[in-house]
Structures are given as C-alpha cells and as structure tokens.
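Enquirer: My questions all concern the structure below.
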Amino acid sequence: MAKSTNDPSPVIQAVAKKDISSAVAIAGHPIHAMAVHFPIALAIATLGADVFYWWSADPFWLRAGLWAAGFSFATGVAASLVGTAELLLVPGIRSRAASWTHAIAAMMFVSICGMNWVVRLVTPDAVLPLGLALSGLGAVFTGLAGWHGGKLILHHGVGIMVSDDG
Ligand code: HEM
C-alpha cells in the first residue's frame, strides 16, 4: 500500500508512491508493533524497582531491577532486529527520515538498557545512584523512541491495512 499526497514537491510525491506495507507481519499485523511493548514495560519496571529500593532498602527490589533491566535489553534487541528488517526491506519505510529518527532514538534506548543491566551485574551496589539515573534516562528514551515509532504508524500510515469490508 502507498500513501496519497497533495504535496507539490516531486520528492515528497516520489516517497509517497513507495510501498509502506509491513514486511515482517502475521496476517498483516506488524510483529515489531507487537514486540515493543516488552522493552517499554520492562524499562519502566526497572525504574519502578529502583525507586522502591531507594524507598525501602529491601534487597528484593535489587534483584527485581537486575532481572527487569536484563530483559528490557534482551527484548529490546529482539524488537530492534525486527524493526531493522522492516527498515531495510520496505522501500517506503527506509526512504522516510522519520524512520531513521526512530531507529536512532531506539538504539540509544536499547544501549542504555544494556548498560543499566551490565552495571547491576558487575556492581550491584551501584544501583544508587548510577542505576537509578540510567533507569530515569532509559524511561526518557523509551518515550522518545516510542513517540517516533507511533508517528510512523499514526502520521505516515506505515503498516496500516484498510479493508474494504470495514
Ligand atoms: C533499530 C531499531 C528499530 C527500528 C529500525 C524500528 C523501526 C520501526 C518501524 C519500521 C515501525 C513501523 C511499524 C512496523 O513497520 O513494524 C516502528 C514502530 C514502532 N516502534 Fe520501532 N524500531 C526499532 C526499535 C524500537 C524499539 C527498541 C522500541 C521501543 C521503545 C520501538 C518502539 C516502536 C513503537 C512504540 C512503534 C509504534 C507501534 C504501534 O503504534 O503499534 N522501536 N518501528
């Protein structure tokens, strides 16, 4: 599926003609859009665990933060691999600047998750304040990456299917 545009620029018209259907999908539903909920939720859960540890000093929250940080990284890498496949395979996705903005924000986000996990593995005592600061930064970048990902779907119509029978 391509997008229609009234923009007079021939460059924008050429981009709008390119296919923006998802290439990595189950029955037309993009797998990346299904997968991103996990790193987003786990990064926020890491921040929550750190705040509860700061508040209660209960070592349970240290362990919860370690697991949440590790899985935010692992699921972030998995979601990014699928997103990268979409970026490289679909002409209308890779020719939009918004896709690359989203990819850069997402890579920053996944890198922060990885650093947050390794810091905890190597020096558990570093959770306060370094781990907490990384979790806060991770939450900010979740928002940035998620916002730009949402723009791809809601503004650019990437991966959207409009069926004739409603
Ligand atoms: C290099 C890594 C990534 C690339 C190239 C990428 C690319 C894309 C693409 C092409 C879409 C449009 C939907 C589709 O075609 O599947 C999208 C949507 C989205 N992406 Fe990513 N992505 C990456 C990593 C991430 C990560 C780590 C997150 C987590 C914050 C994320 C969050 C989102 C969100 C929230 C959407 C909109 C989904 C929806 O509204 O249902 N992306 N991304």
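Enquirer: Could I have the simple spin-label model distance between Met108 and Leu121, label points 7 Å from Cα toward Cβ, reported in nm to one decimal?
Expert: For Met108 paired with Leu121, the spin-label model returns 2.5 nm.
Enquirer: Can I ask one more? Scan around Ala25 for amide H atoms under 5 Å from its own, H built in the peptide plane at 1.01 Å from N, and keep only partners 5 or more places away or cross-chain.
Expert: Under 5 Å from the amide H of Ala25 lie the amide H atoms of Ile31, each far enough along the sequence or on another chain.
Enquirer: Using alpha carbon centroids, what distance separates the range 79-96 and the range 111-134, in Å?
Expert: Value for the Cα centre distance between the two parts: 30 Å.
Enquirer: Okay, next question. Counting Lys and Arg as +1 and Asp and Glu as -1, what is the net charge of the other residues whose Cβ lies under 15 Å from the Cβ of Ala25?
Expert: In short, -2.
Enquirer: If you don't mind, another one. Below 8 Å between Cα atoms, with a sequence gap of 6+, how large is the relative contact order for the range 71-166 in percent?
Expert: Rounded, it is 30 percent for the range 71-166.
Enquirer: Fully extended, how many nm does the chain gain between Ser95 and Ile160 (0.36 nm per residue separation, minus their Cα-Cα distance)?
Expert: Stretched fully, the Ser95-Ile160 segment lengthens by 21.7 nm.
Enquirer: Oh, and also: I want the local charge near Leu130. Using Cβ-Cβ distances under 13 Å, sum +1 for each Lys or Arg and -1 for each Asp or Glu among the other residues.
Expert: -1
Enquirer: Classify the range 1-159: rounded, prolate or oblate, from the alpha-carbon gyration tensor (a ≥ b ≥ c, eigenvalue square roots; a/c under 1.5 rounded; otherwise prolate if a/b is larger than b/c)?
Expert: prolate
Enquirer: Let me ask something else about it. Which of Ala25, Ala133, Ala14 ends up with the largest GNM mean-square fluctuation for the chain, with Cα atoms connected below 10 Å?
Expert: Highest fluctuation among the options: Ala14.
Read the figures in this text as sums done on the coordinates, not as results from a lab. The model shown is predicted, which means the values in this text are computed figures rather than measured ones. Because the Cβ atoms are built from the backbone with ideal geometry, glycine has one as well, and the counts that use them run over all protein chains shown.
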